[in-house]
Amino acid sequence: MHNSGVIVFGEDVGFGGVFRCTLGLQEKFGRHRVFNTPISEQGIVGFAIGAAAQGLTPVAEIQFADYIHPAFDQFVNEAAKYRYRSGNSFNCGGMTVRAPYGAVGHGGHYHSQSPEAFYTHVPGLRVVVPSGPREAKGLLLASIQHPDPVVFFEAKMMYRTAVEEVPTGDYTIPVGQARLAREGGDVTIVAWGQMVAVAEQAAAVVQEQGGVSCEVIDLRTLLPWDRATVEASVSKTGRLIVVHEAPITSGFGAEIVAAISKRCFLRLESPPVRVCGYDTPFPLIYEPLYVPSTPRVVDAIHEAVKF
Amino acid sequence: MHGRALANALRRATSSRAESSAPVLNRLWSRNQQTQAASDDSSLLEVDVVPYSTHRIDSPGTTVNTTKAELQQFFETMYRMRRMEIAADMMYKAKYIRGFCHLYDGQEAVLVGMEAALTFKDSIITSYRDHCTHLGRGGSVLEVMAELMGKANGATKGLGGSMHMYKVENHFYGGCGIVGAQVPLGAGLGFAHKYRKDGSVAITMYGDGAANQGQIFEAFNMAALWDLPVLFVCENNHYGMGTADYRGAKSAKYFTRGDYMPGIKIDGMDALAVKNGVAYAKEYAVANGPIILEMDTYRYHGHSMSDPGSTYRTRDEISSMRQLRDPIERIRSLLLNNELLDTAELKKIEKAIKKEVDSAVEEAKAGPLPKEEMLWKNIYKDTLGMHMRGRDSKTKIKLT
Ligand SMILES: Cc1ncc(C[n+]2csc(CCOP(=O)(O)OP(=O)(O)O)c2C)c(N)n1
Ligand SMILES: [Mg+2]
């Protein structure tokens, strides 16, 4: 689907951006549609909202999710409420803001954080986190076409590690639908972004060790999230594990566990558990300790099964 | 007058080192030696610096007093900074240093000149390009190297890495990973100096790219509204990552961007010009309130280790900076041309510093890793009696 109103901007995106995500776009679509901004995150997001209110389709990049915080007000008070507070006269639904998030090996305090939960607390926004290249294409195109503002977090670890065939042409994956990444009957593991791979690895390990069969759900969209898919899975398995990189307290795992505990209360075989980052700032040399690893998820699976 | 003529000549001599056979200049040098007896460590030497550009304030004088001792200290400190950054580059390539790492080489004169006009009672806060700030504030090469390698003997006990140097005893409030975020903090630091009436100033440093962050203007306004003793020091190295200053700023005259606030543009490649400008600005700020100092400078390396630094600027530009404006070479020429130190003496200094840096590198490599429990410390004042998971979920480590 061709949309001549799409504009792409952010810090150094004209040259391809620090992660090369916009490489070649300026040559292809011109400087009037693909351009660099000053280092002004609050301005970038506010500007995107204004352009979207005029009917354009801005796709803004925040260079690292760690730098999105100066723009927090623009998301929370301006973007999310525009439709509501104007009685549907205006909206900024054309807007998509992309930001690389998460651990990268040695990013330290300011290049590794996962701020998705902050945005899941804001009705009016949609929060999308793809788990691989194919998913990224389908979900990004769907987000750009979506009539609500979308915050789109990309696991920066995968820029380097993920290799996958990606469909050519106009390929979309509906926003708001979770994906069954692996079928199983004993334990449900819910994850998003980079942690889907960790969940899948753990599932493979326990299957091999002793035949515990895990179902892995790639949540894809965190707000509003696909409760039905998770509920159906937990109703079948009776056990729930949520894995995310962000600190455990008030992470989005808390929401999933609370909602599913209520819906599946009588069918649960063990208490739902979360395997997450610790309640510390994102550490430098302790990153391997901090980030949920396959052994940590494997442990949680065993505990759930043996409960 | 004589000093000015001398230094003008000197500058011409320094900037045209290649074609150095100008007998007139040589005569000027020798006359200066006689009249000023400058070989004495503490006797005064006058040097002219290029004129300052100013906004809403009179210019500082352009004749700067210095001494052999000071020039030698400038040379040594800048050379140490340079060697340290080059060593960091090598250690990064050898994978002893990982992650984000921003080098300062090229910009040394800014810090060295500033520190010459300040005391450690004046506070400094800066961006992520902070290795040399730590040295300027009395830190050691070892502290920086060990921090870069994530070792417990580092400036921040190995917990932060490149962007996180701090030195509380000398009022260095740290590096900061978020572009522009340190600038309002600097206004708060300045307020505390004023509140305590201690006669000191706060220096808050930011780049040409950071100059476009909204919170900088909020900080300007508060500092000016309340007449705070703050020097807003904009290190204009002409690029914010891959973006040239004029491509990111409608007005790249950063010293004028405080509008109502005075500003001075300083040759940031000349430690003496910086010293003189900062001394003048400090006196102004303590008496009147905030001021912007734009340091016209240049970074030789790329923005960080993943940036070769040569895609958005020409190699010619970099090499002509090195040839014509290098801050260390400028001081070297002053020392040599005034016969304060000879080549052999300078070589000796360089050798000693290289050795100091090399042994700091080795010591950092051999340094211990921080203890595991440090992951949990310093989040709150105490650890809230939390437990940490061990190798498996049954092992619980009590955090004390
Ligand atoms: C809020 C924020 N946005 C973006 C970044 C990424 N970033 C780090 S340094 C930098 C360039 C800053 O340039 P400048 O202020 O000129 O300082 P210099 O690096 O030249 O010293 C950018 C965009 C960041 N750290 N924080
Ligand atoms: Mg810069």
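Kindly evaluate B:A146 against the criterion of being surrounded by fewer than 24 Cβ atoms within 10 Å (Cβ to Cβ), out of contact with any strand residue (DSSP E or B) (no Cβ under 8 Å at 6 or more places or on another chain) and assigned by TED's automatic domain parsing to the domain that holds B:A281. Steps first, please.
Values: surrounded by fewer than 24 Cβ atoms within 10 Å (Cβ to Cβ): no; out of contact with any strand residue (DSSP E or B) (no Cβ under 8 Å at 6 or more places or on another chain): yes; assigned by TED's automatic domain parsing to the domain that holds B:A281: yes.
Spelling it out, it is not the case that B:A146 is surrounded by fewer than 24 Cβ atoms within 10 Å (Cβ to Cβ), out of contact with any strand residue (DSSP E or B) (no Cβ under 8 Å at 6 or more places or on another chain) and assigned by TED's automatic domain parsing to the domain that holds B:A281.
Looking at region B:168-201, which of its residues are of a type in the set (G, A, S), over 16 Å from B:H134 (Cα atoms) and more than 16 Å from ligand 2 (Cβ to nearest atom)?
Residues satisfying the conditions are B:G186, B:A187, B:G188, B:G190, B:A192, B:G199, B:S200.
Can you tell me which of (1) without any contact (Cβ under 8 Å) to a residue 60 or more places away in the chain; (2) within 15 Å of ligand 2 (Cβ to nearest atom) is the one B:E294 doesn't meet?
Result: B:E294 fails condition (1) only.
Search region B:202-222 for residues being part of a helix (DSSP H, G or I), touching a strand residue (DSSP E or B) at 6+ places or on another chain (Cβ under 8 Å) and more than 16 Å from ligand 2 (Cβ to nearest atom), and hand back the single one that is farthest from the other protein chains (Cβ to nearest Cβ).
Once the filter is applied, the top-ranked residue is B:F220.
Residue-by-condition table, conditions (1) outside any helix (DSSP H, G or I); (2) under 30 Å from A:E287 (Cβ atoms); (3) out of contact with any Ser or Thr (no Cβ under 6 Å at 6 or more places or on another chain):
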site: B:S306; (1), (2), (3): yes, yes, yes
site: B:R322; (1), (2), (3): no, no, yes
site: B:E329; (1), (2), (3): no, no, yes
site: B:V357; (1), (2), (3): no, yes, yes
site: B:L369; (1), (2), (3): yes, yes, yes
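If you scan region A:266-297, which residues turn out to be among the charged types (D, E, K, R) and in a strand (DSSP E or B)? Break it down into steps so the answer makes sense when it comes.
Step one: list which residues in region A:266-297 are among the charged types (D, E, K, R), which gives A:267, A:269, A:274, A:279, A:287, A:296.
Listed by number, the list holds a single entry, A:R274.
So B:D198 fits all but one of (1) among the acidic types (D, E); (2) more than 15 Å from ligand 1 (Cβ to nearest atom); (3) within 14 Å of chain A (Cβ to nearest Cβ); what number is the exception?
Every condition holds for B:D198 apart from (3).
Kindly indicate whether any position in region B:223-238 is part of a helix (DSSP H, G or I), crowded, with 22+ Cβ neighbours inside 10 Å and more than 16 Å from ligand 1 (Cβ to nearest atom).
From region B:223-238, those part of a helix (DSSP H, G or I) are B:223-225; that's our starting set.
Now restrict to residues that are crowded, with 22+ Cβ neighbours inside 10 Å: B:223.
From what is left, the residues that are more than 16 Å from ligand 1 (Cβ to nearest atom) are B:223.
There is at least one residue in region B:223-238 that is part of a helix (DSSP H, G or I), crowded, with 22+ Cβ neighbours inside 10 Å and more than 16 Å from ligand 1 (Cβ to nearest atom).
Contact list please: Cβ distance under 8 Å, first residue in region A:280-307 and more than 9 Å from chain B (Cβ to nearest Cβ), second residue of a type in the set (V, I, T) and in a loop (DSSP other than H, G, I, E, B), pairs at least six apart or on different chains.
Every condition considered, the pairs that remain are A:I301/A:V212; A:V305/A:V212.
Taking the condition without any contact (Cβ under 8 Å) to a residue 60 or more places away in the chain and under 30 Å from B:P368 (Cα atoms), does B:G188 pass? Quick ask: steps written out before the conclusion?
Numbers: without any contact (Cβ under 8 Å) to a residue 60 or more places away in the chain: yes; under 30 Å from B:P368 (Cα atoms): no.
No: the conditions fail for B:G188.
Pairs please, first residue from region B:227-251 and over 16 Å from B:Y206 (Cβ atoms) and within 14 Å of chain A (Cβ to nearest Cβ), second anywhere and among the hydrophobic types (A, V, I, L, M, F, W, C) and more than 13 Å from ligand 2 (Cβ to nearest atom), Cβ atoms under 8 Å, 6+ apart in sequence or on different chains.
Pairs that qualify, where the first residue is over 16 Å from B:Y206 (Cβ atoms) and within 14 Å of chain A (Cβ to nearest Cβ) and the partner is among the hydrophobic types (A, V, I, L, M, F, W, C) and more than 13 Å from ligand 2 (Cβ to nearest atom), are B:G242/A:F15.
The values are calculated or read from the model by the stated rules, or taken from the named source; none is laboratory data. Computed from a predicted model, the values in this text were never measured in an experiment. A quick note on method: Cβ atoms are made from the backbone with ideal geometry, for glycine too, and the neighbour counts reach across all protein chains shown.
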